[in-house]
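Below: the structure, in structure tokens.
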Amino acid sequence: MPPLTLRGQYARRSSMLFTCQSVLGCTGLQPRRSFASRAKTRANDGEGKKADQKTIIKHFAETGTGDNRKRRRIDPEKDELEVNAEAEKLKAKIGQLEGELRRLREGPIISQLSGEDRDRLEKAIGERLANVAHQGSPIDTEQMTTELVSGARSKGNSRAIRIDSGPLPRKEQLYLDKFNGFLGEAASKPADPNTRKELWRWYSLCKQNLPPFLHLIPQKAWNVLYDSQNWLSVSNPDRQAHIKAILEDMAATGHEIKGDQKIAYIEALFLEGEKEEAISEWEGGIKTIGVLDEFSEQFWGLGVKMFASIGDPQRAQNTAHILLSSRHGGDARIWLPVIIAWNKTGEESGFLSAWSLYVRLKDRLGPRMSMEDYDTITMSFLNAGKKDLALAAFRDMMLAGSSSEGEDSISFYKRSLNLVANLQSTSPDPSELSNVSLQALTVLPRRFQNKFFYGSWMKKLLGMGEVDSAVMVVELMYERGVNPDARHLNGIIGAWLRTGRAESRKKAEDMAWGMIQERLDFVQKRHASGSPTSGAPSIGAGGHRELPNFLRRRVPPATIETFSILVQYYLRRSKFDEVEKLSGHLQMAEIKPNSYFMNHLLYSLLRNHDRQAAWQMYTNMTREGGVKPDISTFTCLWDCMKIHVDILKNRKKEGFPQPRRLFREMVTWYSKWSAREYDEVSKELYDQIIRCFSLIEDQVGTLVALHALRDMFGMHPDKDTVRIIVLQIARLGTLNVRSRRLNLSDSNTKASFARVMSVLEKLTQQRHEILEKEGGQPDEKDLKVEAEESLWLVSELLRIVIARGGRAAEAAEDIRKAASEMGVEGGESVSKYLDSIV
């Protein structure tokens, strides 16, 4: 006997058949009777023959395979009743869905489709309804129809945009099918970079292996291919080359090339290096594309850029004149590439033409002239070596938007040419240029004749990464009789060092050491004037470094910032001899070091694992040198402390203080810091301090540090801090020194950790019970209250460990003593906690 089906299989089969009848119109299909039903019929037929014999038929179902097979008895009559009930429910459900779909068919969503798409949608709806009936899950019919409409349209478009051919060999057919597939994807998502790459790949393979391929491509497919490859993106670096190839293939097969495509082809030709052919194509389109209003600005603008790029500024200017004088005009910024081209000529007449165009550009744009426009022009003049003209353009930028009249370049230009009206001409007259004195156009207002004005310009240039241009501004300051400050040159030194180029680094070092020598000379003269026999030593002939040729003037004396920039540079490159030499010159220069200088020296000693020298340097520079340490200083010292107290990394305990002593040192300087410095305290520093106390198993110091850090910086323990403390307690009692570095995968470690965590959980539960009795259950949404509760729970856990063995009174005294040693005995949080446990 074949095995019987389960009742769930009965229900699925019936529901599927019912769905086919209702949705797909399969009226002639009737469900076959189940095996159990047929068996029952045969049993009933046998009753007439053997009336005296009672027949009992038992039905079983078998599941599983092999040794896992199981059999259980089922009731076919009950199964059929359940199937019929489920079928009635499905019938009602599908009737409801069909009613909603009839309403949607009359709506605007489906009525917009073509006949083919509508038939495709009807079929998809039937399939979706069959799935709904089978799964029994709810569905939003309107949303389902919208999705299917979108899918029908995309499938319709994909089928319309494809290349059909006759029978092909297997390999060629594979290429064509791949191309058609990605062509359909590109029609719906042209910006997808993977689709774009794959489409081009199969396009190239089809061109190589199918000779008639290009002639089979319809116009719609060409448009999709062009749009996908013309997408401007960093992920499409070969855009110009692909556009050029596509448009050439389209022209070779006789397809129409639109005006904007023709312009794109000329630009692609030019950028791909075929400049003469591009200009020839452009000239050929003057009477066709150039007269079309739709493409005139794009076409003539491309001509201006091409002529300016090949070094023909006059023709570029004439082309810009045609565009700006046309009926629709154009953006006056088309003069920017022309100005750059004139400056690149390096001739005085070119500078005159560039300046005249700049003045007309400023006059035409007015308040619409942007900072980017000024930056482009000033950089163009600076790169051409015309510092005065660049200064005048920067002056105009600083005057932009102010109420000052008669001080900008337009006013100077009009006065030089005796003009009264606006500058109406779009092309300067060469005879007019000869009457202009550039020197007269670069006069600065008196309020700009100071180093602050030049300093703002230098700061802007350095921010743009134009270090050499900033050097030219320094040169201009000397020419205008304005002496630069050390901070101006320090900015250039730092920028040169950041470039990473050997030549720039050499310039930076030369300039910095020249400033140091100037400082040493100043100190020597000061001592000589006070005492003829005394003097400060200089670098000497062997150590003196010459300044670059373009800055062979007297430079300002070095400051502590100069030394700090150099020491950072030398330390990053492990030039410790230079660092030592620099430290000696700092003393000779009689300049007090600052925390920035000291911190870099401390970090260098930390990298060399010389913690004793680091602490010695810190004490000398703070006690004798008068340096005020900052947050970075103690961040470095606590990093040193972590290595110092780690018994596996350091066995020597001399030469560096214990955590309580270092904490007291930090508290001593705490009151001298500003609120901004408090904000620089990081969570990493907080955890590092707690970790150092944990490594030496100082539970009392840990507890005091937690409350002191809360008072000082408003910081509280989080889950990472709690983990550090729990591990500290779990390590207690470990006798083997090396095993004190816990192995978290060890079963004993896990057991110790679990015991400590259970104690912490009990404390948490007791705390909640106490607060409930007092009616002060904390609000879980209040982060501040939650943080205070976390601090209290961790403190209690530490206090239990400290007071183990019934030493409650001694524990309070230990905490008070540690607070005194760490300099926080008067702290609010520490005092409050001590009062709560006494």
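Read the figures in this text as sums done on the coordinates, not as results from a lab. Keep in mind that this is a model prediction, so the values were computed, not measured. FYI the Cβ positions are ideal-geometry reconstructions off the backbone, even for glycines, and counts take in every protein chain you see.
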Check: Sorted by mean Cβ packing within 10 Å, highest first, what order do the peptides 678-685, 612-619 take?
Finding: 612-619, 678-685
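Arranged by the count of other C-beta atoms within 10 angstrom, fewest first, what order do I493, I286, I279 take? Don't skip to the end; give the middle numbers.
Numbers: I493 27, I286 14, I279 19.
By the 10 Å Cβ count, ascending, the order reads I286, I279, I493.
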Check: Between the stretch 379-400 and the stretch 580-623, what is the C-alpha centre distance in whole Å?
Finding: 43 Å
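Hey, got a sec? Which GluC sites (Glu not before Pro) in the stretch 279-311 land in a DSSP loop and have at most 14 other Cβ atoms within 10 Å?
Values: sites: E281, E283, E294, E297; in loops: E294.
When the GluC sites (Glu not before Pro) of the stretch 279-311 are filtered for loop state and at most 14 Cβ neighbours within 10 Å, E294 remain.
Over 27 Å between Cα atoms, which of K642/K672; K387/K459; K683/K773; K592/K683; K592/K642 qualify?
On the way: K642/K672 25 Å; K387/K459 16 Å; K683/K773 35 Å; K592/K683 31 Å; K592/K642 30 Å.
Where the Cα-Cα span goes over 27 Å, the pairs concerned are K683/K773; K592/K683; K592/K642.
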Note to self: Quick query: amide H of M715 versus all other amide H atoms, modeled in the peptide plane; which residues come in under 5 Å with a sequence gap of 5 or more or a different chain?
What the structure shows: R710
Check: Of K652/K817; K305/K451; K575/K649; K262/K386; K451/K628, which ones are farther than 29 Å apart at the Cα?
Finding: K305/K451; K262/K386; K451/K628
Check: With Cβ to Cβ distances under 9 Å as the rule, what net charge do the other residues near I643 carry (K, R +1; D, E -1)?
Finding: +1
Item checked: Local electrostatic count at N209 - Lys and Arg +1, Asp and Glu -1, tallied over other residues with Cβ under 11 Å -> +1
Notebook entry, point to check: So what J values fall out for the stretch 166-174 if you push phi through Karplus, 6.51 cos²θ - 1.76 cosθ + 1.60 with θ = phi - 60°, rounded to Hz, Gly and Pro as x?
Noted result: x, x, 10, x, 4, 5, 5, 5, 4
Notebook entry, point to check: Counting Lys and Arg as +1 and Asp and Glu as -1, what is the net charge of the other residues whose Cβ lies under 12 Å from the Cβ of H255?
Noted result: -1
Notebook entry, point to check: Could the peptides 209-218, 298-307, 707-716, 229-238 be put in order, highest first, of the mean number of other beta-carbon atoms found within 10 Å of their residues?
Noted result: 298-307, 707-716, 209-218, 229-238
